[in-house]
1. Residue check: is residue B:238 out of contact with any Ser or Thr (no Cβ under 8 Å at 6 or more places or on another chain), surrounded by 14 or more Cβ atoms within 10 Å (Cβ to Cβ), of a type in the set (Gly, Ala, Ser) and more than 20 Å from residue B:58 (Cβ to Cβ)?
2. Assess whether residue A:413 counts as being outside any strand (DSSP E or B), in contact with a Ser or Thr (Cβ under 9 Å, 6 or more places away or on another chain) and within 14 Å of chain B (Cβ to nearest Cβ).
3. Which residues, taken from the range A:287-344, are in a strand (DSSP E or B), within 14 Å of chain B (Cβ to nearest Cβ) and not β-branched (Val, Ile, Thr)?
4. Could you pull out the residue among A:275, A:323, A:311, A:306 that is modelled with pLDDT under 95, buried (at least 19 other Cβ atoms within 10 Å of the Cβ) and not basic (Lys, Arg)?
5. I'm checking my understanding of the structure. Among residues of the range B:60-75 that are facing chain A (nearest Cβ under 7 Å) and in a loop (DSSP other than H, G, I, E, B), which one is nearest to residue A:280 (Cα to Cα)?
6. Which ones in the range A:339-371 are crowded, with 16+ Cβ neighbours inside 10 Å, β-branched (Val, Ile, Thr) and under 26 Å from the mean Cα position of the chain (by Cα)?
7. Answer yes if at least one residue in the range B:149-171 is in a loop (DSSP other than H, G, I, E, B), within 30 Å of residue A:218 (Cβ to Cβ), in contact (Cβ under 8 Å) with a residue 24 or more places away in the chain and more than 11 Å from chain A (Cβ to nearest Cβ), and no otherwise.
Amino acid sequence: MSRLSYVARLPQGAQPSAQQASQRLATLALRGIMASCLCITPVHAAGATINPEVSFTLQASYADKAGGERHISGFLPEGHAHGCDPKKLCLDHSEFMLAANLTPTLRASSSVIFVDAENKGEVEELWLQQVGIVPGVSLKAGRFMSELGYANSQHPHAWDFIGNSLMPTVLSGGHLIHDGVQLKWLAPTERFVEVNAELAKKSSNSPKAWSLGVHLGDDLGASHAWRAGVTYLDAKPLNRTGHVDDINEIEAQTAFTGTSKTWVADVLWKWAPDGNAKERHLKLQAEYFRRTQNGQLTCEDNRAEGGACDGTSSAFRTRQTGGYAQAVYQFMPRWRIGTRYERLDSGTLDFNSTVLPIELAAYKPSQRSIMVDFSPSEMSNLRLQYNRDTSMQGSPDKQWLLQYVHSFGAHGAHRF
Amino acid sequence: MRLFSLSALNWLLLLGLGTTPAHAQLTVLTCEPEWASLVAELGGAQVSVSSATHARQDPHHIEARPSLLAQARRADLVVCSGAELEAGWLPLLQRESGNPAIQVGTPGYFTAAEFVTLLDPAHPGQPLAGHVHAAGNPHLHLNPHNLVPIARALSQRLQQLDPPQAAFYRERGHDFLARWQTAITKWEAQAAPLRGKSVVVQHGSLTYLLRWLGLQVVADLEPIPGVEPSLNHLASLAQRLPPGSAKAILRTPYQAARPAEWLASRIQIPVRVLPYSVGGNPEARDLFGLFDSSLKLLLAP
């Protein structure tokens, strides 16, 4: 899938004008107006490869699963579970991307995703990145996917399984995206040592957040490579909404204000015989989190609908854990199989249940998935997945999901 | 106390705040082993060179592994084929390494494709089926004539990046080019009997070698460039090609053995695994060995 492309071998004389053109383009890109991006003529220079990179990723899926609202029991995930309505073809998370190298060290990138359920587009990413301010240090500013753990910094079309998994859903409502700055430093050492720090003025589920992470990585012999790290995320949610059933089985909306401190550990292991992933390769991936929340939870008044909440709030403290492990194996060119196990633990749930009449009891939500996918070409992928979803207490579900991803145009290569 | 001060110095060095030693070798990272071999020829002991890939890896399909990022972080110069061969991973190495010295448009970034004419560029508007490199075929190191302008340009680049050693690089460059021209003359004499012979290939990996030697490609195991050989396509080839209609089926060490062997058994044609790059077989120890071995395999009865 990683096709094309980088920049412009600009003839020396042509450089200034091409740069000016790119900068004009950046200004427009930063306004985030898709329509104006579409009518810009790409910068052409003699012998140049494609810059800017323009691509569209079609992501069509179909799900055979239980209808109605599904909650992750024992947790207060932000918002509703994303994804498609049951038994309907949907284009959720199809993406339009535009990226350009403005100077040798300045890159701009934007992506707009289509949120099918709400029939609208959303600016998922829009950032400028200055590479190598001092050797090894890169600064990114704008809206970007956080480096929290491993999978969070990937676009959904690069995920190996269909739909949101449990861990990101409870941590950030699906995808932790920051409006802010990110600083990364790669140490000048033999072994890969990377430190990243992020500061968000607005984040997926809180107005303020910062994080600090470190990752190590290396090869082991010719056939193995690994990467592992820990990230600490500190957020200050303000009226973060959640959805849960109350004791009358009526949907209730909650609002949490306080502090949220999360540790995430992630490990990735890849194997390819002799380092040649073309024929066969194996990818093992696992992430684990521990989150402590401390603050006030309000259950909004839903008595008009026959609910039990009256809008009062209670002190709310939780300490919860969870994670997943998955394996994906390419057993022959173009064909892969994979399995994933996810498990959460509602852990400590400390609140006054008479003030907050909600159904939030101890539970260990889990989900098992298996998938098989086939890539007719480098740009396309067809995937079939089966989930045994026991994330909602007393309401297990067997789900079949089908997904087709096709990329058009040039887009940046996928990370390790 | 002494231990402490040593470790403090180490930390300073680690943070890039310490001074570098008075005389340092140039650290060069190449995308493919053929360029590592060329850098070693041109830079000798003044350079420390490593290759991101080896000949048994498909250079299209490499991941920006942490170990490669760590190498790119410390490189003074990156030498690659270019022409989008490394488009799936090199931009990531450049960006994620945070190393300003090796970015596109800086002297620390060298692509061989800039200095030669590429074969088979895509026509404007051609459907981007499979894996088409718009600029042309990037497996350009397999015509030894291409190495001449590339070696000249690369020697100049080394001189530019390490001026105190410029005379040394210049001299090694002249020496290499003289030996290389002699070798080309020898190879062309050896390969004369191959002119006009037919071969079956997999992908355009060997195109430069075959065109240089005047070999005819009668079939490709890939239905579309970059798309893996399918059973359907192989079966149609088996039907179309009469037994003995080509001298050999050629593949590289990084391509799967099965498709070529399946077809070989149907049409009674031998399979030859050419080294493709330096390290592709024991004889291909350097650029000279690469062509010696390739010719020997092609000339084998």
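The values are calculated or read from the model by the stated rules, or taken from the named source; none is laboratory data. Please read all numbers here as calculations on a predicted model, not as lab measurements. Backbone-built Cβ (ideal geometry, glycine too); neighbour counts: all protein chains shown.
1. So residue B:238 passes the test.
2. Yes; evaluated as a whole, the condition is true for this residue.
3. A:330, A:331, A:332, A:335, A:336
4. None of the other options fit; the residue is A:275.
5. Per the criteria, the residue is B:61.
6. none
7. For the range B:149-171, residues in a loop (DSSP other than H, G, I, E, B), within 30 Å of residue A:218 (Cβ to Cβ), in contact (Cβ under 8 Å) with a residue 24 or more places away in the chain and more than 11 Å from chain A (Cβ to nearest Cβ): present.
Condition check ((1) at pLDDT 95 or above; (2) out of contact with any helix residue (DSSP H, G or I) (no Cβ under 9 Å at 6 or more places or on another chain); (3) more than 30 Å from residue A:384 (Cβ to Cβ); (4) not aliphatic (A, V, I, L, M)) across all residues:
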{"residue": "A:135", "(1), (2), (3), (4)": "yes, no, yes, yes"}
{"residue": "A:153", "(1), (2), (3), (4)": "no, yes, no, yes"}
{"residue": "A:161", "(1), (2), (3), (4)": "yes, yes, no, yes"}
{"residue": "A:170", "(1), (2), (3), (4)": "no, yes, no, no"}
{"residue": "A:180", "(1), (2), (3), (4)": "yes, yes, yes, yes"}
